Amino acid sequence: MGGIVKEAKRGIRKVRKFLDQRPYSNPKLEKDIVTGFHRLYYDAASLGKTWKNTRWLGIYTQKCPLDLWIYQETLWDTRPDVIVECGTAEGGTTLYLASMCDLIGSGRIVSVDIDTKPKRPAHPRITYLSGSSTAPDVFAAVKKHIARDEKVMVILDSDHSKKHVDEELKIYSNLVSRDCYLIVEDSNVNGHPVLPDHGPGPMEAIDEFLQKDNRFIIDDGKEKFYMTFNPRGYLKRVK
Ligand SMILES: C[S@@+](CC[C@H](N)C(=O)[O-])C[C@H]1O[C@@H](n2cnc3c(N)ncnc32)[C@H](O)[C@@H]1O
C-alpha cells in the first residue's frame, strides 16, 4: 500500500513539474508546443475541422482566426484605400476585409481568381476580377482600380508554388505603399511546419525575394499570437 502511495506522489510531482514549466522562458518547449499545435490544427482540416470549416458571415474563409485578427489590427493601423487579394476562392476573406472596411469607414477590395466561383459574396466595396494573377492583362486591370496616391495593401493567396509566388512578388510588390503590407499567405507549407511534401512554396519565394529587395522587411510582430499560417510572410514596405 505504502509503495502505491509513494508511486502516486512521485507521479503528481512529475505532473506538477511539467505544468510549472514556463514555455515563454524555455524556447525549445515553446517551439515544440507551437509546432505541435500548428500541425494538429492544420491537419484537423482534413476532418472537416479548422481552416476548411471556418466561415465569416456564412462564407468559407481559408484562414486561421489568429491571422484574421492580425489583419483587423493591420487594417486599422494602416488604413489602405485599396486591398488587392490574389486568390478569392469562396470569398470569405474578401467579405471579411469588406466588413472591416465598413467598420473602419474606408477601403475597397480588388480580388482576383483564376477559377470564378458562382456564389461569391456581393458587397459594394468588392470588385472581382477573373484570370491568373500574373497574366499581364489581369495585372493591368488590377492597376486600373488604383488611383494615383492611393494607399495599397496586397495579399498573395493564390497558387502557392514558389514559381508563381516569385512572379507575384515581382509585380505586386510594386503596388504596395510605404508603411503598408504585402502579406504572403501559407508560407507554413513545405514543412514550415506543415505539408512537408509540398515542395518549394511561399516561404522559399519570400526568402529569395528579400535577398534582392530591400524595400520590405519581415514584421515578426505580426506573429505575436505564436501560430500563424504566414510565418515570415507579413512583409512591411519601409522604402
Ligand atoms: C488558398 S485559395 C484562396 C483562399 C482565399 N484567399 C481565402 O482566404 O479564403 C487559392 C485560390 O487561388 C486560386 N488560384 C490558383 N491559381 C491562381 C492563379 N494563377 N491566379 C489567380 N488565382 C489562382 C484558386 O482558384 C483558389 O481559389
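Run down the aspartates and glutamates and flag those whose C-alpha is under 12 Å from the C-alpha of K119, throwing out any fewer than 8 positions away in its chain.
Output for K119: E90.
Might you report the magnitude of the Cβ-based charge dipole of the stretch 34-93 about its Cα centre, with Lys and Arg at +1 and Asp and Glu at -1, to the nearest 20 debye?
Rounded to the nearest 20 debye, it is 300 debye.
What size of dipole, in debye to the nearest 20, comes out for the chain about its Cα centre when the only charges are +1 on Lys and Arg C-beta atoms and -1 on Asp and Glu C-beta atoms?
Values: 37 positive and 33 negative charges, 230 e Å.
For this selection, approximately 1100 debye.
Give me a comma-separated list of calculated 3J(HN,Hα) values for the stretch 189-194, in order, Karplus coefficients 6.51, -1.76, 1.60 applied at θ = phi - 60°, integers in Hz, x for any Gly or Pro.
With the stated coefficients, the stretch 189-194 comes to 6, 6, x, 10, x, 10 Hz.
Can you compute 3J(HN,Hα) from phi for each residue in the stretch 218-231, using the Karplus curve 6.51 cos²θ - 1.76 cosθ + 1.60 with θ = phi - 60°, rounded to whole Hz and x for Gly and Pro?
Whole-Hz 3J(HN,Hα) from phi for the stretch 218-231: 7, 9, 6, x, 6, 9, 5, 8, 6, 9, 9, 6, 10, x.
How large is the charge dipole for the stretch 65-148, taken about the Cα centre, if only the Cβ atoms of Lys, Arg (+1) and Asp, Glu (-1) carry charge, to the nearest 20 debye?
Dipole size: approximately 340 debye.
What 222 nm value per residue comes from the helices of the chain, counting each DSSP H run with n ≥ 4 as -39,500 (n - 2.57) and dividing by all residues, nearest 500 deg cm²/dmol?
-12500 deg cm²/dmol
Please check which bits of the stretch 122-140 a label hung off S99 would reach, taking the label as a point 7 Å along Cα-to-C-beta and the cut-off as backbone N under 20 Å.
122-128
Relative to the longest principal axis of the C-alpha atoms of the chain, give the angle of the C-alpha long axis of helix 65-78, reported between 0 and 90° and rounded to the nearest 10°.
Compared with the principal axis, the helix lies near 50 degrees.
Given H placed 1.01 Å from N in the peptide plane, which residues other than close sequence neighbours of I155 have an amide H under 5 Å from its amide H?
HN-HN under 5 Å from I155: V84, E85, C86, I183.
Please list, ordered by chain and number, the residues whose modelled amide H lies under 5 Å from the amide H of H123; skip anything fewer than 5 residues away on the same chain.
It is none; the list stays empty.
Rounded to the nearest Å, what's the spacing between the alpha carbon centres of the stretch 113-172 and the stretch 175-239? Just the number, please.
Cα centroid of the stretch 113-172 versus Cα centroid of the stretch 175-239: 18 Å apart.
What do you get for the angle between helix 162-172 and the principal long axis of the chain? Use alpha-carbon atoms, 0 to 90 degrees, nearest ten.
In the chain, helix 162-172 runs at an angle near 50 degrees to the longest axis.
Amide H neighbours of L129 under 5 Å, counting only residues 5+ apart in sequence or on other chains, H built in-plane at 1.01 Å?
S111, V112, D113
Which of K28/K236; K117/K224; K14/K49; K143/K222; K28/K49; K6/K31 have a Cα-Cα distance over 30 Å?
As for pairs spanning more than 30 Å Cα to Cα, those are K117/K224; K14/K49; K6/K31.
Where Lys and Arg each count +1 and Asp and Glu each count -1, what net charge lies around R178 among other residues with Cβ under 12 Å from its Cβ?
+3
With labels modelled as points extended 7 Å from the Cα through the Cβ direction, what inter-label distance (nm, one decimal) is found for D220 paired with S25?
For D220 paired with S25, the spin-label model returns 2.1 nm.
Over the chain, what is the relative contact order in percent, taking alpha-carbon pairs closer than 8 angstrom and at least six residues apart?
Averaging sequence separation for qualifying contacts and normalising by length gives 16 percent for the chain.
Any read-out appearing in this document is the output of simple, stated calculations on the displayed coordinates, not a laboratory observation. All values reported here derive from a predicted model rather than from experimental measurement. Note that we place each Cβ from the backbone using ideal geometry, even for glycine, and neighbour counts take in every protein chain shown.
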